[in-house]
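Shown next, in structure tokens, is the structure this report addresses.
The values are calculated or read from the model by the stated rules, or taken from the named source; none is laboratory data. For clarity, every value in this text was computed on a predicted model and none was experimentally measured. We place every Cβ from the backbone using ideal geometry, glycine too, and count neighbours over all the protein chains shown. Please note that ligands, DNA and RNA were not included when accessible areas were found on the heavy atoms of the full protein model with its side chains. Shrake-Rupley method; radii C 1.70, N 1.55, O 1.52, S 1.80 Å.
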Amino acid sequence: PMNYKHAPYPVVECQLDILRENVKNIADRCHDNGITVAGVMKGINGHMPLVRMFDEGGCDQIASSRLEQLYEVKKAGITKPTLLLRIPMLTEIENVAQLCDVTLISEIATMDALNAECEKQGKKIKVIVMVDLGDLREGFWDREELVAACAHIENDLKNLELAGVGTNLGCYGSIQPT
């Protein structure tokens, strides 16, 4: 253990073997119930030794809202699928196509641009189409527009695969969850 008297700032100390075991236990329980697990890098600020524990512990995907962190995952040789946990901006489409195996998406223009870039790079990406439930944060609001977007992916965009429909349940109808 570190001598905390000399640390001029807050310190988090991680025991990698314990983290790996905790991740394994959670992943095993989820897998036993048909649930896939994404290890999210946000809370560990993309610190690669900890990300490796997600990989070794059995996470099915490595997820981040930061493309630079997903770049580091690829650079480190981790081969698990990478998930971008936010809606990509049009200015990022080239990097999203290069670095992500799965991304959230909520606009047809973004789908079309991503499909074109994936075609250019010879890649196929899974997309999770987002639905807004009332917090006006992200996603399709109109059901018919949502269905049309999903049909567009399935029928017209050969470099995108519809992985599912998602939503942010951090807030539903402007009411904080209890």
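Within the stretch 79-97, is there a residue that is within 18 Å of V165 (Cα to Cα) and in contact with a Pro (Cβ under 9 Å, 6 or more places away or on another chain)?
So far as the stretch 79-97 goes, no, none of its residues is within 18 Å of V165 (Cα to Cα) and in contact with a Pro (Cβ under 9 Å, 6 or more places away or on another chain).
Does I26 count as surrounded by fewer than 12 Cβ atoms within 10 Å (Cβ to Cβ) and either farther than 13 Å from Q69 by Cα or of a type outside the set (A, V, I, L, M, F, W, C) (or both)?
Taking the combined requirement at face value, the residue does not satisfy it.
Residues to consider are V73, V165, V96; find the one that is out of contact with any Leu (no Cβ under 7 Å at 6 or more places or on another chain), surrounded by 17 or more Cβ atoms within 10 Å (Cβ to Cβ) and closer than 20 Å to V40 by Cβ.
V73
Kindly indicate which of A38, A63 is in contact with a Gly (Cβ under 8 Å, 6 or more places away or on another chain) and modelled with pLDDT of 95 or more.
Just one listed residue meets the conditions, A63.
Which of the residues spanning the stretch 74-87 are in contact (Cβ under 8 Å) with a residue 24 or more places away in the chain and of a type in the set (A, V, I, L, M)?
A76, I78, L83, L85, I87 - these are the residues of the stretch 74-87 that are in contact (Cβ under 8 Å) with a residue 24 or more places away in the chain and of a type in the set (A, V, I, L, M).
Select, from I62, I35, the only residue that is among the β-branched types (V, I, T), without any contact (Cβ under 8 Å) to a residue 24 or more places away in the chain and more than 23 Å from V11 (Cβ to Cβ).
None of the others qualify; the one that does is I35.
Taking the stretch 124-160 as the search range and keeping residues that are in a helix (DSSP H, G or I) and within 23 Å of P81 (Cα to Cα), which one is most open to solvent (accessible area, probe 1.4 Å)?
E154
Scan (1) surrounded by 14 or more Cβ atoms within 10 Å (Cβ to Cβ); (2) touching a Lys or Arg at 6+ places or on another chain (Cβ under 9 Å) for the single condition K42 breaks and write down its number.
In the conditions (1) surrounded by 14 or more Cβ atoms within 10 Å (Cβ to Cβ); (2) touching a Lys or Arg at 6+ places or on another chain (Cβ under 9 Å), K42 misses (1) alone.
Which members of the stretch 33-69 meet the condition of being over 20 Å from I18 (Cβ atoms) and β-branched (V, I, T)?
The answer is I35, T36.
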